[in-house]
Amino acid sequence: MSGPLTNWAGNHTYAASTVHTPHSVSELAALLGHADQLRVLGTRHSFTAIGDAATLVRLDRLPEAGQIRIDAAAMTVTIGPCVTYAQLTAALHRAGLALENLASLPHISVCGSVATATHGSGAHGNLATAVLAMTLLTGTGERLVLTEGDPRLPAGTVHLGLLGIVLELTLRVLPAYPLTQTVYEGLDWATLIAHTSEIFALGYSVSVFHHLSDRPPALWVKATPGSPPAAERFGVHPAPAPRHPIPGQDADACTDQLGVPGPSSERLPHFRAGHNPSHGAEIQSELFVAIADGPAAIRALLELAPRLAPGLLVGELRTVAADGLWLSPQYGRDSLGLHFTWARDPDAVAHNVALIEAALTPFAPRPHWGKVFSLPPVALSTAYARTADFGALRAELDPRDVFVNGWVRARFPALTARPGGR
Ligand SMILES: Cc1cc2nc3c(=O)[nH]c(=O)nc-3n(C[C@H](O)[C@H](O)[C@H](O)COP(=O)(O)OP(=O)(O)OC[C@H]3O[C@@H](n4cnc5c(N)ncnc54)[C@H](O)[C@@H]3O)c2cc1C
């Protein structure tokens, strides 16, 4: 490793001085057996120490690291631990298949994204809800396969890296489908608050980008070709040229807009695979509230606008459907995500995040696991009804606590508690 290893955004430096690269699962199991604390690196796009440990491992030398096995009859795909969404959607596209939804960028690993409940927008679940089976190397070095019908699958799909090393995921796929992408400008906040649910139902996937400033929010609508335009109903107008969510950034980094139909994998992400996404010198945070509380949550956010706007590169509102995954931020509730891309100033971000968390407390917010938050442990234990159940599963699969790291102990210690106490 040359120089200290950081996450993508550069706001976290990993503690380990060496990254191990096992060439086989048995070598990996031996490494695991000797480690006091171990984590696997994904594509390092999380903004926190969630993936840090004394022993860090990259899985890209495993023979199965990049495997993509499509079963078109079963409408499933099985992938190895290092596959990114860019690689996966390209292979699926060649086979006439697609995923139900995607995040804003395709550069990220599927395993890391599923672990943190990464999401897109629309009336669809987060990306972990596509998982039909998962193969883990547990803390005891055993290979464990969780399949549909096993209650441990919804329990452990969103696992924050705590249950084991994911060697394989099987995902549900759909026949390939086209989408268009149109940016509409000139949305006003009063209209958004009065018609929150209708606006987010305007397309297959809808995002509202905003700056909490005088610049009106913009609607990014990814829609089935031929859908009625949004303009007539909500007083917005299509942007005359391609846009980047962050003013001043080059729109060449973004997927095609202006209503041109294309594969869903080239419209659902905001950013193209071959370009740098977003801004780079940034830190992200995101909280989820029930969609029914969306209008009130947006009003609460607007009250903070003068204090938040100076550090904000861009804000994004998206919807995510309810699911039954125990540690999913969308567990049991259709959700509105209030996302923020901040200029990379950790102290200012911490201050702003605390302000937003306090303002949204009446709505029992849940944080994005891969982004910055400071909600106290007690708030998380309350927000996640299956905390104790997950803790019990974790204790069973990782009896030595080898996957427990400082981030979990500080942020969500209830997950590390053992049934009956330690
Ligand atoms: C520019 C940018 C845009 C983003 N856009 C979105 C977005 O649209 N929607 C959204 O929800 N999030 C978004 N994120 C956040 C990001 O997608 C998530 O944090 C996600 O975790 C990234 O995946 P990763 O592989 O990089 O994870 P990493 O940070 O590498 O790892 C995350 C966790 O997963 C664990 N892990 C990874 N692989 C394995 C494995 N094989 N076995 C066991 N554990 C594993 C790690 O140990 C760690 O605990 C964005 C981030 C950036 C930088």
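Any read-out appearing in this document is the output of simple, stated calculations on the displayed coordinates, not a laboratory observation. These numbers were taken from a predicted model, which means no experiment stands behind them. So basically every Cβ, Gly included, is an ideal-geometry build from the backbone, and we count neighbours across all protein chains shown.
Please list the non-local residues whose amide H lies under 5 Å from the amide H of residue 20, H modeled 1.01 Å from N, same-chain partners needing a gap of 5 or more.
Excluding prolines and chain starts, which carry no amide H, the hits are 56, 57, 58.
How much length would be gained if the chain were fully extended between residue 65 and residue 385, taking 0.36 nm per residue of separation minus their Cα-Cα distance, in nm to one decimal?
Working: separation 320, 0.36 × 320 = 115.20 nm, distance 3.42 nm.
Extending this stretch completely gives an extra 111.8 nm.
For segment 52-59, just list the computed ³J(HN,Hα) in residue order, Karplus coefficients 6.51, -1.76 and 1.60, θ = phi - 60°, integers in Hz, with x standing in for Gly and Pro.
Rounded to whole hertz, the list is 9, 6, 5, 10, 10, 10, 10, 9.
Using the Karplus curve 6.51 cos²θ - 1.76 cosθ + 1.60 with θ = phi - 60°, work out ³J(HN,Hα) for each residue of segment 176-181 in order, rounded to whole Hz, and write x for Gly and Pro.
4, 9, x, 9, 10, 10
Taking only the alpha-carbon positions of segment 68-175 and ignoring solvent, what does the Debye formula give for the base-10 log of I(q)/I(0) at q = 0.21 Å⁻¹?
-1.15
What is the set of long-range amide H partners of residue 272 at a cut-off below 5 Å, with H atoms built 1.01 Å from backbone N?
Answer set, sorted by chain and number: 254, 255.
Fewest to most neighbouring Cβ within 10 Å: what's the order for 195, 23, 210?
23, 195, 210
Assuming 0.36 nm per residue, please report the length gained on full extension of the stretch residue 392 to residue 17 beyond their Cα-Cα distance. Write out the running numbers ahead of the final one.
On the way: separation 375, 0.36 × 375 = 135.00 nm, distance 3.19 nm.
Full-extension gain reported as 131.8 nm.
Taking 0.36 nm per intervening residue step and subtracting the Cα-Cα distance, what contour gain separates residue 224 from residue 305 on full extension?
My answer for the length gained is 25.8 nm.
With viscosity set to 0.890 mPa s at 25 °C, what whole-number translational diffusion coefficient in µm²/s follows for the chain from Stokes-Einstein and a Kirkwood radius over Cα pairs?
For the chosen part, D equals 113 µm²/s.
Ranked highest first by average number of other Cβ atoms within 10 Å, how do 49-62, 150-163 line up?
The peptides rank, most packed first, as 150-163, 49-62.
Using a 10 angstrom Cβ neighbour count of at most 13 plus a DSSP loop assignment to flag exposed GluC sites (Glu not before Pro), which longest range of the chain is free of such sites?
Longest run free of exposed loop sites: 149-422.
Please list, ordered by chain and number, the residues whose modelled amide H lies under 5 Å from the amide H of residue 260; skip anything fewer than 5 residues away on the same chain.
Long-range HN contacts for residue 260: 181.
When Lys and Arg each count +1 and Asp and Glu each count -1, what net charge do the other residues less than 12 Å away from residue 339, Cβ to Cβ, add up to?
Result for the neighbourhood of residue 339: -1.
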